[in-house]
Amino acid sequence: MDILASTEWLAAELGKDDMRIVDASLFLPGVPRDPRAEFEQAHIPGAAFLDLPTLADLDDPRPGMLPTDAFMTERCRALGISTDSRIIVYDNSPTHSAARGWWMMRLYGVGKGAAILDGGLPKWVAEGRPTESGAVTPPPGNAVARRATGQVRTMDDLIANVNSRAEAVIDARGAARFTGEEKEPRPGMASGHIPGSRNLPSSALFNADNSMKTGEELRQLFAQAGLDFDRPVITTCGSGVTAAILLAGLELLGKKDATLYDGSWSEWGLDPATPKATGAA
């Protein structure tokens, strides 16, 4: 499947037996919104609620770290996803969290493929397309999740890369968090960025209608951020969510040698031993 699915395409595919739609809405700490309540108020017909914040390794003290294969399998089956499912992931969040859901589905090899609904629920609703309300419990699927190797970077990888600079690192957080001018939302966390990294706020990748920028406009965003396209790329952010947006953007540009640092600043910024930089890149 392509990375992006249009609202027009999804409207024509609604109700097909192999189509599975999941709402991956997530809000940052301190945002007074409840994604599950909003899902039950209005969602795309046939959609199920992913509950992205809980789809994690609950035994890991770091927030939102990737789940075990067994837990990912369990959650996907509960969502009605099977081995032959086509999966569309959308959100209704200013963080555009559908990209994290898309990346996870692909990382674990779930179904026949996954795509992000371009424009998400806001674009769907703005176009006057139908929604449903209420809780959803789909018939269980038979999906099997197995995490692919080599697609996720660890803190040790990033520490080694600070010295080697073998891979380019690009940070999806807002500019003020990257420079250290703005404090982090989590208590006890240092401000700043990983030395040598570049900054491209993930919000810059979206048009006014919530759809993603593509083509030369998208390429220029990465170029203006100073990203070296000749090196492999590691994407990072606050907790591994918006980093997936940059990963999707890079893949839209045909760059396949990009990976994601799952711990991101939630791990790096809390460790007093990691090197940190402030100011512009």
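The values are calculated or read from the model by the stated rules, or taken from the named source; none is laboratory data. This structure is a prediction, so every number in the text was calculated from the model and none was measured. Note: ideal-geometry Cβ built from the backbone for every residue, glycine included; neighbour counts use all protein chains shown.
Please go through the stretch 54-91 and pick out each residue that is under 9 Å from Ala143 (Cα atoms), among the polar types (S, T, N, Q) and in a loop (DSSP other than H, G, I, E, B). Hits for the stretch 54-91 are Ser82, Thr83, Ser85.
Of everything in the stretch 190-215, what is small (Gly, Ala, Ser) and either crowded, with 16+ Cβ neighbours inside 10 Å or touching a strand residue (DSSP E or B) at 6+ places or on another chain (Cβ under 6 Å) (or both)? Give them in sequence order. Talk me through it step by step, then tell me what you get.
Within the stretch 190-215, the subset small (Gly, Ala, Ser) is 190-192, 196-197, 202-204, 208, 211, 215.
Across the stretch 190-215, the qualifying residues are Ala190, Ser191, Gly192, Gly196, Ser197, Ser202, Ala204, Ser211.
Going residue by residue through the stretch 131-150, is there one that turns out to be of a type in the set (Asp, Glu) and assigned to a loop (DSSP other than H, G, I, E, B)? Spell out how you get there, then give the answer.
First, the residues of the stretch 131-150 that are of a type in the set (Asp, Glu): 132.
After this cut, where a residue has to be assigned to a loop (DSSP other than H, G, I, E, B) as well, the list is none.
No: zero hits.
The residues of the stretch 154-189 that are at pLDDT 95 or above, in a loop (DSSP other than H, G, I, E, B) and surrounded by 16 or more Cβ atoms within 10 Å (Cβ to Cβ), listed by number, are Glu167, Ala172, Arg173, Gly174, Gly180.
Please work out which residue is nearest to Ser202 (Cα to Cα), limiting yourself to the stretch 242-275 and to residues that are in a loop (DSSP other than H, G, I, E, B) and touching a Lys or Arg at 6+ places or on another chain (Cβ under 8 Å). Break it down stepwise before answering.
Step one: filter the stretch 242-275 for residues in a loop (DSSP other than H, G, I, E, B), giving 242, 253-257, 262-263, 269-275.
Restricting the remaining residues to those that are touching a Lys or Arg at 6+ places or on another chain (Cβ under 8 Å) gives 242, 253, 262-263, 269-270.
Values: Thr242: 6, Leu253: 15, Asp262: 16, Gly263: 17, Gly269: 19, Leu270: 22 Å.
Among those residues, the one meeting the criterion is Thr242.
It is to be established whether one or more residues within the stretch 253-274 are over 16 Å from Leu158 (Cβ atoms) and touching a Phe, Trp or Tyr at 6+ places or on another chain (Cβ under 9 Å). Yes, that holds for at least one residue. When the stretch 163-180 is filtered for residues that are of a type in the set (Val, Ile, Thr) and within 19 Å of Gly240 (Cβ to Cβ), the ones remaining, listed by number, are Val169, Ile170. Residues of the stretch 134-153 that are in contact with a Phe, Trp or Tyr (Cβ under 9 Å, 6 or more places away or on another chain), of a type outside the set (D, E, K, R), over 13 Å from Asp23 (Cα atoms) and loosely packed, with under 13 Cβ neighbours inside 10 Å: Ala148 alone. So Pro94 passes all but one of these: (1) in a loop (DSSP other than H, G, I, E, B); (2) within 20 Å of Asp17 (Cα to Cα). Which condition number does it fail? Every listed condition holds for Pro94 apart from (2). For the stretch 76-105, a tally of residues being charged (D, E, K, R) and either on the phi > 0 side of the Ramachandran plot or crowded, with 22+ Cβ neighbours inside 10 Å (or both) returns 2.
When residues in the stretch 75-94 are screened for being among the aliphatic types (A, V, I, L, M) and more than 23 Å from Asp34 (Cα to Cα), 2 of them pass.
Can Ala223 be described as of a type outside the set (Lys, Arg), under 21 Å from Ser264 (Cβ atoms) and outside any loop (DSSP other than H, G, I, E, B)?
no
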